[in-house]
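This report refers to the structure that appears directly beneath it.
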Protein chains: 2
Amino acid sequence: MLLTELKATQLAELFSALSDASRVRIISLLIQGEMSVSALAEGLKMSESAVSHQLRGLRQMHIVRARKDGRQVFYSLEDEHVQKLYSMGLDHVEHG
Amino acid sequence: MLLTELKATQLAELFSALSDASRVRIISLLIQGEMSVSALAEGLKMSESAVSHQLRGLRQMHIVRARKDGRQVFYSLEDEHVQKLYSMGLDHVEHG
DNA sequence: ATAATATATGAACGCTTGCTCATATATTCA
DNA sequence: TGAATATATGAGCAAGCGTTCATATATTAT
């Protein structure tokens with residue numbers, strides 16, 4: 001069926017969330033559970049600023065959610081959709 | 001589990017295939033069956049050159065395959081993986 | 001209040017991307 | 001052979017992206 005330009009754009013935006021290695025790695029960590037910005041930065045060996053910028057984008061796409069606790073902010077996946085896309089993609093990359 | 005940088009990059013490349021509205025629309029047409037470059041260009045109201053450039057990228061990612069017949073080249077999806085990602089993404093975009 | 005810590009934000013910069021335009025290659029037809 | 005058609009390709013350009021660096025904001029501790 002023919003896609004409207006709007007839906008094509010929305011689909012492209014959704015997949016854009018996973019179209020960068022840094023974001024993929026952020027999501028791979030968040031799949032295991034919520035994590036603070038600095039924990040993500042340390043785990044990924046990225047600057048906290050770079051991580052924060054990426055998280056902002058993911059937040060705006062409603063892919064992650066932020067929970068503030070004291071001066072830390074813990075991020076987690078907003079729903080299971082992206083995780084499903086992630087596993088399906090990983091499966092494709094690993095086997096076949 | 002922690003992703004290697006290599007796999008994160010491969011995953012990002014895979015999702016990049018669907019991270020642009022033009023490519024999403026190309027794939028939405030190819031899901032219905034193989035199509036020539038000019039038919040794609042007409043259906044999508046894109047220049048044949050733009051379509052051809054995108055098809056080259058998709059070919060290099062092994063997402064589409066080319067079959068030459070006379071002076072036309074018919075493109076089709078190389079396997080069902082991308083189609084599965086596409087439907088899952090579309091599902092997410094359409095019903096929440 | 002002041003300092004220290006955690007995160008967010010804006011500007012700037014280099015890199016990539018997707019297009020157009022011109023041109024090249026391949027195939028068919030007259 | 002020469003013209004017409006279908007696709008591919010390369011250069012160039014504008015827009016977008018991901019980072020760094022400097023700075024701002026919010027929270028906690030002294």
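The values are calculated or read from the model by the stated rules, or taken from the named source; none is laboratory data. Since we're looking at a predicted model, the values are computed, not measured. Cβ: placed from backbone, ideal geometry, glycine included. Neighbour counts: every protein chain shown. Quick note on the areas: whole protein, heavy atoms, side chains included, nothing else; ligands and nucleic acids left out. Shrake-Rupley method; radii C 1.70, N 1.55, O 1.52, S 1.80 Å.
Mind counting the residues in the range B:78-96 that are in contact with a Leu (Cβ under 8 Å, 6 or more places away or on another chain) and either at the interface with chain A (Cβ under 7 Å from one of its Cβ atoms) or exposed (fewer than 12 other Cβ atoms within 10 Å of the Cβ) (or both)?
Step one: of the range B:78-96, the residues in contact with a Leu (Cβ under 8 Å, 6 or more places away or on another chain) are B:82-83, B:85-86, B:88-90, B:92-93.
Adding the requirement that they be either at the interface with chain A (Cβ under 7 Å from one of its Cβ atoms) or exposed (fewer than 12 other Cβ atoms within 10 Å of the Cβ) (or both) leaves B:85, B:88-90, B:92-93.
Result for the range B:78-96: 6.
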Which condition breaks for A:HIS62 when tested against (1) open to solvent by 70 Å² or more (accessible area, probe 1.4 Å); (2) in a helix (DSSP H, G or I)? (2)
Of all the residues that make up the range B:1-37, how many are more than 7 Å from every other protein chain (Cβ to nearest Cβ) and within 10 Å of the chain's Cα centre (by Cα)? 8
Residue ID - farthest from DNA strand D (Cβ to nearest atom), chosen from residues in the range B:1-52 that are acidic (Asp, Glu) and modelled with pLDDT of 95 or more: B:GLU13
Breaking point among (1) more than 11 Å from chain B (Cβ to nearest Cβ); (2) in contact with a Gly (Cβ under 7 Å, 6 or more places away or on another chain), for A:HIS53: (2)
Tally time: how many residues in the range B:53-96 are closer than 15 Å to B:ASP20 by Cα, of a type in the set (S, T, N, Q) and within 9 Å of DNA strand D (Cβ to nearest atom)? 0
Hits in the range B:13-58 - residues which are surrounded by 20 or more Cβ atoms within 10 Å (Cβ to Cβ), among the aliphatic types (A, V, I, L, M) and in a helix (DSSP H, G or I): B:LEU14, B:VAL24, B:ILE26, B:ILE27, B:LEU30, B:LEU40, B:LEU44, B:VAL51, B:LEU55, B:LEU58
Looking at (1) open to solvent by 30 Å² or more (accessible area, probe 1.4 Å); (2) within 15 Å of DNA strand C (Cβ to nearest atom); (3) within 13 Å of chain A (Cβ to nearest Cβ), which one does B:GLN72 not meet, given that it meets all the others? (3)
Tell me whether the range B:2-9 contains one or more residues that are open to solvent by less than 30 Å² (accessible area, probe 1.4 Å) and assigned to a loop (DSSP other than H, G, I, E, B). yes
Consider only pairs whose beta carbons are under 8 Å apart and that are at least six residues apart or on different chains; among these, list those whose first residue lies in the range B:43-65 and is touching a residue at least 12 places away in the same chain (Cβ under 8 Å) and whose second residue is open to solvent by less than 10 Å² (accessible area, probe 1.4 Å) and within 9 Å of DNA strand D (Cβ to nearest atom). B:LEU44/B:VAL51; B:MET46/B:LEU40; B:ALA50/B:ALA41; B:VAL51/B:LEU40; B:VAL51/B:ALA41; B:LEU55/B:LEU40; B:VAL64/B:LEU55
